[in-house]
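Chemist: Okay, here's the structure, questions in a sec.
What follows is calculated from the coordinates using simple rules that are stated; it is not laboratory data. Just so you know, these numbers come straight off a predicted model, no measurement behind them. All Cβ positions, glycine included, derive from the backbone under ideal geometry; neighbour counts span all protein chains shown.
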Amino acid sequence: AGEGILRRQSLRESAARTYARSLPVVPVRARGMTVEGADGRRYLDCLSGAGTLALGHNHPVVLEAIRAVLDSGAPLHVLDLATPVKDAFTTALFETLPPELAAHGRVQFCGPAGTDAVEAAIKLVRNATGHAGLLAFTGAYHGMTAAALAATGDTAARATVGEADARVTRLPYPYEYRCPFGTGGDRGAELSARWTASLLDDPKGGVQQPAGMLLEVVQGEGGVIPAPEAWLRRMREITARRGIPLIVDEVQTGVGRTGTFWAVEQSGIVPDVMVLSKAIGGSLPLAVIVYREELDTWRPGAHAGTFRGNQLAMAAGAVTLKYVREHGLDVRAGTLGSRMSARLRGLAAHHPCIGDVRGRGLMIGLELVDTEAEPDEYGSLPAAPRLAAAVQQEALRRGLIIELGGRHSSVVRLLPPLTITDEQAEAVLDRLADSIAAAER
Ligand code: PMP
C-alpha cells in the first residue's frame, strides 16, 4: 500500500513538495517519537513536524484536550470570536511570556501558519512606525509568503518575491563556524554590532530608518546556528536606542526546545514583537504575534483572516504549553541536549567530516564538510551536501528520520520531541553514528 501511495502522490502532487522527496515514508500510526510506516517499519522521528511536536505524536493530554472540545458541542469555527477555549489558550500563553510582555502585551491571532504570523509582524511594525524597510539576516528562514520570504536568506527562493525584496537590508548573522566577522563569540558579536550601528547612523550609509529588525535566536532551517548572547544583547541595545522595533521569530525555537521556554530568555532580551507558531498549537495549525501594546496602533480590521480561531489547535496548544511548563520539559531539553551534543562532539573527534556540532537544547545540528577538498581562504572546508543526503538515507534505513538544513543542505538537524527518553536519545545517537560511518564509506 505504501509504494502505491508514494507513486500516486509523486505523479499527482506539485513538483514543489519537499519532505516527501527525501523521506519516502508513508506514516500510518504514530505515538511519542515513534512513527510506523505503511510497510510496518518503525522509525524514531527526529523531525517532529519540523520541531512542532513538543510532546511527540498523539500525546494523551493533547488527544484528550481535542476530544473534550469535540464532545462538548462547542462550535469548531467561529472566526475570531471570543470563546472559553480561546480564553484558556490566551491565559496559558501569557503565563509563559517574558513578564514585560505578559503585563503590557497584546496578542494577535494570525493564521494558520508561521509565515502568516511573520507577515503580520512585519505589517504591524510598518503600520506603527510609518517606515517600510526591514533589517533581516543572512541564513534566516521566516516563511514562504511575500514579506516573510523577502526576509528569508535563500536567494533562489527569494527570486520570486519581486518588490518586497528591495525593502530588506540583509545583515550578516553571526554564523561562528563560518563567520564573516571571524569566530570567537564576543569579538565577532561586537564587530557585527558595530557594522549594524554604523549602517544605521552613517548618513551616506544608505540604510533608511527601518520599520523593524527581524531575527531568529537560533537559526533552524539556516543550519541550526545559535546567535551568541552578547550579540543578541547588542542588537537589542542598537534597536532600542534608535526606536526600531525588534521582532524575534520564535516559531521554531519556542516552547522549551532550546532549554528555556522561549529562547530569548537565555540572553535576557525582551523583544518588541514575538512571532510564535509550530509547537504552540500542540500539533495543529496555530500562529500568533505577541507585542508591546504601544505598537497596537492599527485600526479594527487592519489585519484579518478567516482561520484565526482554530478551537482544536487552541485546546491542544493550551495543554501543551502547560505540560511543558509543569513537567519542566524546557529544562530537560537543556540538560539532555547538552549530553547529546557532548556525545556528538566525541563522535566528531573520530569523524573529521563532522566539521561542527552546535545548537541549544534539543535543537542540534551537525555540519558535514568535505574533508577531501581544499580549505577556503579562511581555513574552512566546503559543505558536503552529498554526504549529508547519504547520511539521511542511511539513517532512514536504520529507522531514524532526520532532516537536513543549512546553506548547502549539509547540516544534519535533530529536533526530537521534548518527551524523548534517555534510551531513545541513545538509540538516535547510535543509529546516527552508524549512518555517518556507512555514508562515509
Ligand atoms: N519562522 C521560522 C523560524 C521557521 O522555522 C518557520 C518554518 N520552518 C517559519 C517561520 C514558517 O512557518 P510555516 O512553515 O508554518 O509557515
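Chemist: Would you mind finding the one in Gly32, Gly37 that is in contact with a helix residue (DSSP H, G or I) (Cβ under 7 Å, 6 or more places away or on another chain), small (Gly, Ala, Ser) and closer than 30 Å to Ile364 by Cα?
Modeler: Gly37
Chemist: From the list Pro245, Pro285, exactly one residue is under 22 Å from the mean Cα position of the chain (by Cα) and under 28 Å from Asn58 (Cα atoms). Which is it?
Modeler: It is Pro285.
Chemist: Turning to a different aspect of this structure: Out of all the residues in the stretch 274-287, which are surrounded by 24 or more Cβ atoms within 10 Å (Cβ to Cβ) and more than 8 Å from the ligand (Cβ to nearest atom)?
Modeler: Result: Met274, Leu276, Ala279, Ile280, Gly281, Gly282, Ser283, Leu286.
Chemist: So, one more: So how many residues does the stretch 126-168 have that are acidic (Asp, Glu) and under 21 Å from Gln208 (Cβ atoms)?
Modeler: Residues in the stretch 126-168 being acidic (Asp, Glu) and under 21 Å from Gln208 (Cβ atoms): 2 in total.
Chemist: A follow-up question, please. Which numbered condition trips up Ala425, out of (1) of a type in the set (A, V, I, L, M); (2) surrounded by fewer than 22 Cβ atoms within 10 Å (Cβ to Cβ); (3) farther than 19 Å from Gly32 by Cβ?
Modeler: Exception for Ala425: condition (3).
Chemist: Exactly one condition in (1) β-branched (Val, Ile, Thr); (2) outside any loop (DSSP other than H, G, I, E, B); (3) more than 22 Å from Leu200 (Cβ to Cβ) is false for Val125; which is it?
Modeler: (3)
Chemist: Considering only the stretch 289-297, I want to know if a residue exists there that is surrounded by 19 or more Cβ atoms within 10 Å (Cβ to Cβ), part of a helix (DSSP H, G or I), within 13 Å of the ligand (Cβ to nearest atom) and β-branched (Val, Ile, Thr).
Modeler: No - not one qualifying residue is present in the stretch 289-297.
Chemist: Would you say Arg7 is of a type in the set (D, E, K, R) and part of a loop (DSSP other than H, G, I, E, B)? Steps first, please.
Modeler: Values: of a type in the set (D, E, K, R): yes; part of a loop (DSSP other than H, G, I, E, B): no.
So Arg7 does not fit the description; no.
Conditions (1) within 16 Å of the ligand (Cβ to nearest atom); (2) exposed (fewer than 14 other Cβ atoms within 10 Å of the Cβ); (3) among the aromatic types (Phe, Trp, Tyr), marked per residue:
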{"residue": "Pro60", "(1), (2), (3)": "no, yes, no"}
{"residue": "Gly73", "(1), (2), (3)": "no, yes, no"}
{"residue": "Leu81", "(1), (2), (3)": "no, yes, no"}
{"residue": "Pro84", "(1), (2), (3)": "no, yes, no"}
{"residue": "Phe94", "(1), (2), (3)": "no, no, yes"}
{"residue": "His131", "(1), (2), (3)": "no, no, no"}
{"residue": "Ala136", "(1), (2), (3)": "yes, no, no"}
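Chemist: Which of the residues belonging to the stretch 138-174 are more than 15 Å from the ligand (Cβ to nearest atom), part of a loop (DSSP other than H, G, I, E, B) and not basic (Lys, Arg)?
Modeler: Once the filter is applied, which keeps residues that are more than 15 Å from the ligand (Cβ to nearest atom), part of a loop (DSSP other than H, G, I, E, B) and not basic (Lys, Arg), the stretch 138-174 yields Ala159, Thr160, Gly162, Pro172, Pro174.
Chemist: If you scan the stretch 230-264, which residues turn out to be among the aromatic types (Phe, Trp, Tyr) and more than 16 Å from the ligand (Cβ to nearest atom)?
Modeler: Selection gives Trp231, Phe261.
Chemist: Among the numbered criteria (1) over 23 Å from Gly406 (Cβ atoms); (2) acidic (Asp, Glu); (3) in contact with a helix residue (DSSP H, G or I) (Cβ under 8 Å, 6 or more places away or on another chain), which one does Glu250 miss?
Modeler: (1)
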